[in-house]
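The next block holds one structure in the form of structure tokens; read it before the comments.
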Amino acid sequence: MVTTHELSVQTRGDGDVLNLTGQLGSCVHRSGVTSGIVVVAVIGSTAGITTIEYEPGLVADIRTAFDRIAPTGVAYEHDSRWGDGNGHAHVRASMLGPSVALPLVDGKMALGTWQQVVLVDFETRPRTRHIVVQIMGE
């Protein structure tokens, strides 16, 4: 069986990190699937999905790390071509990746005690982000 769900979340942009774990758990419950895989993917090229320990210190550390890796205020070819000033957001999102796949065991996502699924929005402005959740299994 395959079920597909869509989530919409509002972000502040600029490295905003949102915990999606509760919403994903609701999708899993509604699907009725107890054994399989959950794929979570954000639509767009300036946001990414990953897992972290969602706590303020690590959220700040992630923002700082991406500021070091792909800083704002430097020249990006994307900005030269399109003039939208979000070249850093595209680079950051491509490094993080748009999706995660998680095992589904006994009707629950296989996550560690402190592990949550998060969306990181690197865009320069607030956005409504659309996330596709596909649950495959039995």
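Given charges of +1 on the Cβ of Lys and Arg and -1 on the Cβ of Asp and Glu, with all other atoms neutral, how large is the dipole of the chain about its Cα centre, in debye to the nearest 20?
Numbers: 10 positive and 14 negative charges, 31 e Å.
So the magnitude is around 160 debye.
The Cβ shell under 12 Å around VAL28 holds other residues with a net charge of +1, Lys and Arg each +1, Asp and Glu each -1. With the simple model of a label 7 Å out from the Cα in the direction of the Cβ, ASP67 to HIS29 spans 3.8 nm.
Based only on the alpha carbon positions, what is the Kirkwood hydrodynamic radius of the stretch 1-101, in angstrom? If you can, show how the numbers build up before the last one.
Numbers: mean 1/r = 0.0649 Å⁻¹.
Radius from the Kirkwood sum: 15.4 Å.
Output the relative contact order of the stretch 39-129, whole-number percent, from Cα pairs under 8 angstrom with separation of 6+ residues. Don't skip to the end; give the middle numbers.
Working: 121 pairs, mean separation 46.5, N = 91.
Value for the stretch 39-129: 51 percent.
Approximating the spin labels as points 7 Å out from Cα along Cα→Cβ, the LYS108-to-ALA41 distance works out to 2.8 nm. The label-point distance for MET95 and ASN19, in a model that sets each label 7 Å from Cα toward Cβ, rounds to 2.6 nm.
Any read-out appearing in this document is the output of simple, stated calculations on the displayed coordinates, not a laboratory observation. Predicted, not measured: the structure shown is a model, and the values here were computed from it. No Cβ is skipped: glycine too gets one built from the backbone with ideal geometry, and neighbour counts run over all protein chains shown.
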